[in-house]
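Below you'll find the structure, written out as structure tokens, and then a few comments.
The values are calculated or read from the model by the stated rules, or taken from the named source; none is laboratory data. None of the values given here were measured: they were computed from a predicted structure. So basically every Cβ, Gly included, is an ideal-geometry build from the backbone, and we count neighbours across all protein chains shown. Only protein heavy atoms, including side chains, enter the accessible area calculation; ligands, DNA and RNA are left aside. Shrake-Rupley method; radii C 1.70, N 1.55, O 1.52, S 1.80 Å.
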Amino acid sequence: MERKRVGIMGGTFNPIHLGHMIVAENAYESFNLDEVLFVPSGQSYMKENVLDPKTRITMTGISIEDNSHFALSTIEVERGGNSYSYETIRDLKAQRPDTDFFFIVGADSIMNMDKWMCPEKIFTEVTVLVAVRSGYPKEAVEAKIEEFKKLYGCEIFMIPIANVDISSTNIRDRVRAGKSIRYMVHYKVVEYINKNHIYEVKEDVK
């Protein structure tokens, strides 16, 4: 039986936005993936005051539901405790032994992945795909990739994407300021945020 090729798109998704989905779609097409799993983080050890998991899972689910090759995984939330990518990869591989996984990260993440928990258990278990926006210092990313390849003997490839200047932080700020977030997130997520008055608080949520 032919092995499946599945992308892993993790993040706090606070909220998920069209930039996330564009990266996932590019990875799907560029690397002949069968599916991309969106994995909202549980308790992030890198960020504080993250919106509750249930709300982030709901927004992620309604954002990707109209794409047949996008799927939602709640594996990190169900596991509880801090969310470590190497554990997520380990657990997904145990659940799906017939699958080759492709771990999708942004350029900012690849520059710091050696500071993550057990990075060797990520690089040696999956193929890493790096989304590099136009305008980002590509040479620095390429140098880091070569460093990791030599250190871990791993496979890392770049996903060239257009410069989509959307961030979750900016979206939250716009909601608090009463500004439109249309065309930044899926229209159903806009409706969900407005209906439930999400982010309409003074406290900073990261």
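Numbers below:
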| item | result |
| --- | --- |
| Cut-off 13 Å between beta-carbons: net charge of the residues surrounding PHE101, Lys and Arg +1, Asp and Glu -1 | 0 |
| Accessible area (Å², 1.4 Å probe, nearest 10) - SER41 | 10 Å² |
| Descending principal axes extents, region 114-206, alpha-carbon based, whole Å | 49, 28, 22 |
| Restraint check, LYS4/LYS150; LYS54/LYS149; LYS115/LYS188; LYS4/LYS195, Cα-Cα greater than 30 Å | LYS54/LYS149; LYS115/LYS188; LYS4/LYS195 |
| Rounded tilt (10° steps) of 138-152 against the dominant C-alpha axis of the chain | 50 degrees |
| Percent breakdown of C-alpha pair distances by 5 Å bin, ordered from the shortest bin, for region 1-102 | 2, 13, 24, 23, 21, 11, 4, 1, 0 |
| Residue among ILE198, SER134, TRP116 farthest towards the positive dipole end of the chain, charges placed on Cβ | ILE198 |
| Per residue, in Å², the accessible surface of region 99-206 once ligands and nucleic acids are set aside, probe 1.4 Å | 57 Å² |
| Using a Förster distance of 45 Å, the FRET efficiency for ARG5-LYS195 (Cβ separation, nearest 0.05) | 0.75 |
| Counted charge near TYR152, where neighbours are those whose Cβ lies closer than 15 Å (Asp, Glu -1; Lys, Arg +1) | -1 |
| Accessible area of region 1-73 belonging to carbon and sulfur atoms, whole % at 1.4 Å probe | 48 percent |
| Highest-MSF residue in the chain out of GLY81, GLY135, GLY61 [GNM, Cα springs under 10 Å] | GLY135 |
| Net +/- balance of residues flanking ILE62 in space, Cβ distance below 15 Å, scoring K and R +1, D and E -1 | +1 |
| For semi-axes √(5λ) of the Cα gyration tensor in Å, calculated from these coordinates, the label among (i) 22, 20, 18; (ii) 27, 19, 17; (iii) 24, 19, 17 | (ii) |
| Structure-based [θ]222 nm, the chain - -39500 (n - 2.57) summed over DSSP H runs of at least 4, per residue, nearest 500 | -11500 deg cm²/dmol |
| Convex hull of Cα atoms in region 69-118, direction-averaged projection (nm²) | 4.5 nm² |
| Amide H contacts of THR74 (H built 1.01 Å from N, under 5 Å, at least 5 apart or other chain) | none |
| Shape parameters for region 1-46, alpha-carbon atoms, Rg then Dmax in Å | 12.2, 39 |
| Gaussian network model of the chain, Cα within-10 Å springs - most flexible of ILE171, ILE159, ILE22 | ILE22 |
| Amide H contacts of ILE8 (H built 1.01 Å from N, under 5 Å, at least 5 apart or other chain) | LEU37, PHE102, PHE103, ILE104 |
| The chain: angle of helix 53-64 to the longest principal axis, Cα-based, in degrees nearest 10 | 80 degrees |
| Under-5 Å amide H pairs with ARG133, H placed in peptide plane, nonlocal only | ALA107 |
